[in-house]
Amino acid sequence: MGIGLWRKFRPLENLPALAGFIAVLVALSSSAVADLFYHGILPTRVWPATGIFDQVIVTSGGDILAKVQDPVMVRNQRVQRYDCRGNFKNAYQTDNRGGVFKIAANTDGTLSIFSARGDTVDVFRLDGAFIDRRTIDPRDMPLDLLRSGPSVTKLGDCSVLVDPVSGGPAVWIGDEIRPLERGDWFLETVLSGYWIVGLALSGCGILALSLFKRRNEPPVGRG
């Protein structure tokens, strides 16, 4: 009886389907873990700069403020600060509850974050220390929250551009082009969006081929 069940199940022939199922499961698990990082539940230092979104501001003090988007779930954003050599300095995790926000560099060396959801303005020192929050009438909002920008990509000798070699964001200072500091290794490699999507698509493809093959096989005899 045991031999009969073994032959009916044909485990070696089901290995591709099992591998496809595991690949999909790993991809879903990876995206869930990545979401914990991008929601700030698990600690992370630098988000991958490949997800720069909407605004980049070069300040008069030689800093670069960039809105960086979660490259996996594409639901979360935060502000990251770099120097003009592309080195990460600190980040601001906004309390916009998933809504749209804009940033503005103030003349006194502070950063303002205007949030559409809640109609609030949060003010930070550039070192990341929170200063103040106030509510603003939506009609008095100084920035158009529904349009891209405004950005300041060049000020003095510091410019932000797309690296012609890597295709990623980079700093151009003098005759030197330096990429922005890479995100944390775990986010850049193990939990990268390309890896998760590729793994999920591969797993789904293997499962589909296995199912198609099973449906077109002749029935196994009882003999």
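The values are calculated or read from the model by the stated rules, or taken from the named source; none is laboratory data. Keep in mind that this is a model prediction, so the values were computed, not measured. Backbone-built Cβ (ideal geometry, glycine too); neighbour counts: all protein chains shown. Protein only, heavy atoms only, side chains kept; ligands, DNA and RNA dropped before computing areas. Shrake-Rupley method; radii C 1.70, N 1.55, O 1.52, S 1.80 Å.
Taking the Cα atoms only, what angle lies between the long axis of helix 193-215 and the longest principal axis of the chain, rounded to 10 degrees? The angle comes out near 20 degrees. Accessible surface of the chain, 1.4 Å probe: 61 percent of it comes from carbon and sulfur atoms. Counting lysine pairs in the chain that sit 8 or more residues apart in sequence, or on different chains, and whose Cα atoms lie under 18 Å apart gives 4.
Gyration tensor over the Cα atoms of segment 135-185: the corresponding equivalent ellipsoid has semi-axes (square roots of 5 times the eigenvalues, largest first) of 31, 15, 10 Å. With the highest mean first, a sort of the peptides 159-167, 132-140 on other beta-carbon atoms found within 10 angstrom per residue produces 159-167, 132-140. Working note: Debye formula, equal point scatterers on the alpha-carbon atoms of segment 87-175, no solvent; log10 I(q)/I(0) at q = 0.21, 0.22, 0.25 Å⁻¹ is -1.13, -1.18, -1.31. Find the percent of Cα-Cα distances in the chain that exceed 25 Å, and round it to a whole number. Roughly 53 percent, once rounded to a whole number.
Classification of segment 85-126 by its C-alpha gyration tensor yields an oblate form. The axis ratio a/c (a ≥ b ≥ c) is 1.5 or more, and b/c is at least a/b.
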